[in-house]
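The structure appears right after this line, and notes come after that.
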Amino acid sequence: MSLRVLVVEDDREIRSMMQSSLAVEGFEVQTAVSVSEASALLHHSLPDVLVLDLGLPDGDGLELVHEVRKRHSLPILVVSARHQEAEKIRLLDAGADDYLTKPFSVGELLARIRVALRHRGTALEPASTVHELDDLRIDLNLRLVQLKGEPVHLTPTEFKLLARLVRSAGRVVTHRQLLADVWGPEFTEHTHYLRLYMGQLRAKIEADPAEPRHLLTESGVGYRLATV
Ligand code: CA
């Protein structure tokens, strides 16, 4: 099981840089572009780490630090272009773990995340790469999908989509997240891609595509790869 990071950042370039570098490190990355979107996601499920920009279009990231700290102890790392000492102190007082001033390097961000997790006794685990349930076996390292011992041929995009679900096996992955991770951040509104490719995948790996056993629909939210 990989650790989940929620990146809240309205700057598209910085957001997609953080998203791809954290994904490469084996984190499961969710993104939000505003205080309201982040609140909604946090309400739905809690990440292991929160990476937060301060200047957001509908408010200040500081509000989120307060909101999250009322109830949760997860590490919060703030990234911001603001330099004032007073601002940093206010953030740390509010409960943020650490503070990175833009521009920062990916290596620096990862190092800070590791430290914050270590403080809480959470070790970094590699993302899961093998998935087995009933007659279905998926090995991401070998790029192998087998049904009843027979290889299943998938197109590169079908494989990418399935692999994304394997990395979060048992958990719901939102439409937006799947589209961003498989097709790219500019495709998050193209939900018809998902319907099409999910249909193709189900035709290949489900005994009855109309009554899926593996690729489950979470109505209005996303999809989940069944683990039980
Ligand atoms: Ca910003």
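Taken as a whole, the condition of being open to solvent by less than 50 Å² (accessible area, probe 1.4 Å), modelled with pLDDT of 90 or more, aliphatic (A, V, I, L, M) and within 16 Å of the ligand (Cβ to nearest atom) does not apply to residue 100. Filtering segment 33-62 to residues that are among the small types (Gly, Ala, Ser), open to solvent by less than 20 Å² (accessible area, probe 1.4 Å), within 12 Å of the ligand (Cβ to nearest atom) and out of contact with any Pro (no Cβ under 9 Å at 6 or more places or on another chain) leaves only 61. Where residues in segment 144-181 are among the polar types (S, T, N, Q) and surrounded by 15 or more Cβ atoms within 10 Å (Cβ to Cβ), which of them is nearest to residue 15 (Cα to Cα)? Ranking the qualifying residues of segment 144-181, first place goes to 177. The set of residues in segment 180-206 that are of a type in the set (A, V, I, L, M) and farther than 30 Å from residue 150 by Cβ contains only 180. Per this entry, residue 13 is counted among residues that are without any contact (Cβ under 8 Å) to a residue 24 or more places away in the chain and within 12 Å of the ligand (Cβ to nearest atom). For segment 1-60, a residue qualifies if it is among the polar types (S, T, N, Q), under 23 Å from residue 94 (Cβ atoms) and part of a helix (DSSP H, G or I), and the qualifying residues are 36, 39. Going by what's in this entry, would residue 90 be described as at pLDDT below 85 and surrounded by fewer than 16 Cβ atoms within 10 Å (Cβ to Cβ)? It is true that residue 90 is at pLDDT below 85 and surrounded by fewer than 16 Cβ atoms within 10 Å (Cβ to Cβ). Reported count of residues in segment 199-224, each being basic (Lys, Arg) and part of a helix (DSSP H, G or I), is 2. With respect to residue 73, determine if the residue is out of contact with any Ser or Thr (no Cβ under 8 Å at 6 or more places or on another chain) and either free of Cβ contacts under 8 Å to residues at least 24 places away in the same chain or assigned to a helix (DSSP H, G or I) (or both). No. Checking segment 21-36 against the condition returns no match, with no residue being among the charged types (D, E, K, R) and more than 25 Å from residue 161 (Cβ to Cβ).
The residues of segment 1-14 that are open to solvent by 20 Å² or more (accessible area, probe 1.4 Å) and either within 9 Å of residue 32 (Cα to Cα) or β-branched (Val, Ile, Thr) (or both), listed by number, are 10, 14.
Could you check, for segment 64-82, whether at least one of its residues is open to solvent by 20 Å² or more (accessible area, probe 1.4 Å) and modelled with pLDDT under 85? Within segment 64-82, one or more residues are open to solvent by 20 Å² or more (accessible area, probe 1.4 Å) and modelled with pLDDT under 85. All told, residue 108 meets the bar of being closer than 21 Å to residue 13 by Cα and open to solvent by 40 Å² or more (accessible area, probe 1.4 Å).
The values are calculated or read from the model by the stated rules, or taken from the named source; none is laboratory data. Keep in mind that what you see is a predicted model, and the values were worked out from it rather than measured. Positions of Cβ are backbone-derived with ideal geometry, glycine not excepted, and every protein chain shown enters the neighbour counts. Calculation scope for accessible area: heavy atoms of the full protein, side chains included, ligands and nucleic acids excluded. Shrake-Rupley method; radii C 1.70, N 1.55, O 1.52, S 1.80 Å.
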